[in-house]
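What follows is a short report on a single structure.
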């Protein structure tokens, strides 16, 4: 699975990491829905750390369509809500799980 962290790059993750990321995505979705900034920040930091730690960065010249997109590492709930409302991140969840 390919994961893009907006503003940072793309990473290839294994199935185990993808499953853990999907679980964190539920926390991200709930935090955005409920406007819970602290919960959102914790879930986002966890998801990004998971990808950075367990993922392999794609080379700069390698192009792959991301299966999953995470917001900027310092994104706020309001910024993500705007991205979702503008259609910048397709789908009905933070990631494209």
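Some observations on this one:
- Scanning segment 64-80 for residues that are loosely packed, with under 14 Cβ neighbours inside 10 Å and over 13 Å from residue 12 (Cβ atoms) yields 74, 78, 79.
- Tallying residues that are within 13 Å of the chain's Cα centre (by Cα) and in contact (Cβ under 8 Å) with a residue 24 or more places away in the chain within segment 13-30 yields 10.
- Selection within segment 48-74 - in contact with a helix residue (DSSP H, G or I) (Cβ under 8 Å, 6 or more places away or on another chain) and free of Cβ contacts under 8 Å to residues at least 40 places away in the same chain: 50
- Members of segment 12-57 found to be closer than 20 Å to residue 2 by Cα and not in a helix (DSSP H, G or I), listed by number: 12, 13, 14, 55, 56, 57
Since every read-out is calculated from the coordinates, none of them should be taken as a lab result. Since this is a predicted model, take the numbers as computed values, not measurements. Reconstructed Cβ throughout: ideal geometry from the backbone, glycine too, with neighbour counts over all protein chains shown.
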